[in-house]
1. Test of understanding: among 111, 84, which residue is within 13 Å of the ligand (Cβ to nearest atom), at pLDDT 95 or above and either part of a helix (DSSP H, G or I) or under 20 Å from residue 20 (Cβ atoms) (or both)?
2. Output the residue which, of all residues in the stretch 130-156 that are buried (at least 17 other Cβ atoms within 10 Å of the Cβ) and of a type in the set (A, V, I, L, M, F, W, C), is farthest from the chain's Cα centre (by Cα).
3. I'd like to check something: does the stretch 79-87 contain any residue that is of a type outside the set (Phe, Trp, Tyr) and without any contact (Cβ under 8 Å) to a residue 40 or more places away in the chain?
4. Find the residue count for the stretch 1-35, including only residues that are away from the ligand (no atom under 11 Å from the Cβ) and either of a type outside the set (Gly, Ala, Ser) or farther than 22 Å from residue 81 by Cβ (or both).
5. Does the stretch 48-62 contain any residue that is hydrophobic (A, V, I, L, M, F, W, C) and surrounded by 21 or more Cβ atoms within 10 Å (Cβ to Cβ)?
6. Quick one: count up the residues across the stretch 114-129 that are within 8 Å of the ligand (Cβ to nearest atom) and either surrounded by 22 or more Cβ atoms within 10 Å (Cβ to Cβ) or in contact (Cβ under 8 Å) with a residue 60 or more places away in the chain (or both).
7. Out of the residues in the stretch 57-81 meeting the condition of being of a type in the set (Ser, Thr, Tyr) and more than 25 Å from residue 138 (Cβ to Cβ), tell me which one is farthest from the ligand (Cβ to nearest atom).
8. Restricting attention to the stretch 31-76, and to residues there that are out of contact with any Phe, Trp or Tyr (no Cβ under 6 Å at 6 or more places or on another chain), in a helix (DSSP H, G or I) and of a type in the set (A, V, I, L, M, F, W, C), which single residue is nearest to residue 99 (Cα to Cα)?
Amino acid sequence: MAKRRVAILISGRGSNMTALIEAAKAQDFPAEIVLVLSNIAGAAGLAKASEAGIETATIESKPFGKDREAFERKLQDTLVAHNIELVCLAGFLRLLTPWFVRQWDGRMINIHPALLPSYKGLHTHERALADGVKIHGATVHFVVPEMDSGPIVMQGAVAVLDNDTPDTLAARVLGVEHRIYPDSLRLVASGNARLANGRCVTDAKGSPDDALISPEVI
Ligand code: GAR
């Protein structure tokens, strides 16, 4: 089967982008990364993508000010010109309009650094620590017009430790992000993740006997 043509949208360092690019090198991976697009000129991830031999593009959002759709029309033209079939948001710090989201209905996924539907929005690790939750994590989900919502493809969890800082927790969650994003793209690109009644179902095996319990009492 032909590989799905994927664009990754970034705004920053692009570590999730790198995880996707690395995974897509596998011969049996059902997607190829054909374009990395940033809304911020000079985003660190752009250089990493170029080094990996991937075409990059920058469409700065700033000059468009409040006219979000004008920015997105340019984005959309670029995606269409590259025959993109799936879009991965990877630290793309830009709210998308319902118009743009509709163009990619069921074909755009995002990674969020929290176990949704908890901690939508920004500063997820700070807020999780302030609440004293004992388990935290990351989510890959299909994008819908409502921010940080949409059918969940995959989640990964980590224990929150008493001495965690936002940085140490973020680093542990990022490790999980780099595992679940490539696996999620594999599921979606291979057609193994389907939308049914507003939820995402997959052929992937669950592991019903594995439990993450935190803290562990010795
Ligand atoms: C990641 O932690 C991602 O989950 C988060 O931004 C970071 C980007 O890092 N995304 C959001 O907060 C979106 N709401 P990266 O550029 O190294 O992949």
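The values are calculated or read from the model by the stated rules, or taken from the named source; none is laboratory data. All figures in this text were calculated on a predicted structure; none of them were measured in a lab. Note that each Cβ is placed from the backbone with ideal geometry, even for glycine, and that neighbours are counted across all protein chains shown.
1. On the way: 84 fails: within 13 Å of the ligand (Cβ to nearest atom).
Going through 111, 84 in turn, the sole match is 111.
2. 144
3. Keep residues of the stretch 79-87 that are of a type outside the set (Phe, Trp, Tyr), which gives 79-87.
From the residues that got through so far, the ones that are without any contact (Cβ under 8 Å) to a residue 40 or more places away in the chain too are 80-81.
Looking through the stretch 79-87, at least one residue is of a type outside the set (Phe, Trp, Tyr) and without any contact (Cβ under 8 Å) to a residue 40 or more places away in the chain.
4. Quick first cut of the stretch 1-35, residues away from the ligand (no atom under 11 Å from the Cβ) only: 1-7, 21-35.
Applying the additional criterion that residues be either of a type outside the set (Gly, Ala, Ser) or farther than 22 Å from residue 81 by Cβ (or both) yields 1, 3-6, 21-23, 25-30, 32-35.
Total satisfying the criteria: 18.
5. Here is the first cut: in the stretch 48-62, the residues hydrophobic (A, V, I, L, M, F, W, C) are 49, 52, 54, 57, 59.
Checking the rest, the ones that are also surrounded by 21 or more Cβ atoms within 10 Å (Cβ to Cβ) come to 49.
Within the stretch 48-62 (the criterion being hydrophobic (A, V, I, L, M, F, W, C) and surrounded by 21 or more Cβ atoms within 10 Å (Cβ to Cβ)), the answer is yes, since at least one residue qualifies.
6. Matching residues across the stretch 114-129 total 1.
7. Checked the stretch 57-81; the qualifying residue farthest from the ligand (Cβ to nearest atom) is 78.
8. 75
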